[in-house]
Amino acid sequence: MQAAARGPLGAPLQQQHVQQLLQQQEHWLLDNEDASEQQLAAALQQVTETLQQDCKPYFEAVERERKQKETDLETNAAAAAAAAANGSKEDMDVKLPNSQCIKRAKKNKDEANELFKDGNVELAVQRYIKGLQYLSKVFDLKENEKEEVQTLKQCLNLNLAQAYLKLMGSDPKTPHFEAFAKKALSSCDAALEIDDQCVKALYRRAVANERLKEYANGLADVKKALKMVPEDADFLKLKERLEARIKAEKEQQKKIYSRMFS
């Protein structure tokens, strides 16, 4: 808030009053180090309401600037739509309002799903990536938008991982096998950053690791997932397969060592 007072919209702020209020809050925090989460939330709510009331012109200026940005973005969106209608290619550098970014991300996801079903996996990958690119452009999300964006990001990453697994196949001789595997792992990681208990992401990451012969990594994900879905047939089969391959690897290593010292 003190930085805001020195910013371009700081003129309506009573800087001395703001500093005094924030210092009082800082002293309160020092005197109440053992305050509960509810007490901290109440204190934050109180100081926020006081600032909004005492510095009303500043917050009105901020709101005007926000609305102007939205207007500018809507104008850009209209221009981009007009260009698209005239056959121009989508320009990812054009700034769009959040609503348009979310809408286009959904459209790309839906189109990618259809392409994937029809066997056009490479084109589906391009659409999934474009959907994620649109979501990377959102800013200052409203509360009702945050969950929607996170859910959509997770879905796009999960579908992208599945597409990369499809492209890599199970034969290491497949062109770009390792590159596709790493991209599948990266997509699963991104989905798990949003929800670390996402069983679909854990399964697909385990499969990618299995194909890379990183059996221990795959088994770790399987065991984590089975704590949440202990009766899942796919995970149980994958667990059995990974454990068998780990056992076979150990036996092979024993044979190699025995030959070295025989």
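List of remarks:
- Residue count for the stretch 177-193 satisfying the condition of being surrounded by fewer than 16 Cβ atoms within 10 Å (Cβ to Cβ) and in contact (Cβ under 8 Å) with a residue 24 or more places away in the chain: 1.
- Just one of the numbered conditions (1) among the charged types (D, E, K, R); (2) surrounded by fewer than 14 Cβ atoms within 10 Å (Cβ to Cβ); (3) assigned to a helix (DSSP H, G or I) is not true of Lys200: (2).
- One residue alone among Lys237, Lys255 is modelled with pLDDT under 95, charged (D, E, K, R) and more than 18 Å from Cys198 (Cβ to Cβ), and that residue is Lys255.
- Selection status of Lys146, part of a helix (DSSP H, G or I) and under 22 Å from Phe116 (Cα atoms): no
- Selection status of Leu156, within 29 Å of Leu96 (Cβ to Cβ) and not in a helix (DSSP H, G or I): no
- Residue that is modelled with the highest pLDDT, among those in the stretch 1-40 that are among the aliphatic types (A, V, I, L, M), surrounded by 14 or more Cβ atoms within 10 Å (Cβ to Cβ) and assigned to a loop (DSSP other than H, G, I, E, B): Ala35
The values are calculated or read from the model by the stated rules, or taken from the named source; none is laboratory data. Given the structure is predicted, the values throughout are model-derived calculations rather than measurements. Using ideal geometry, Cβ is built from the backbone for each residue, glycine included, and neighbour counts are taken over all protein chains shown.
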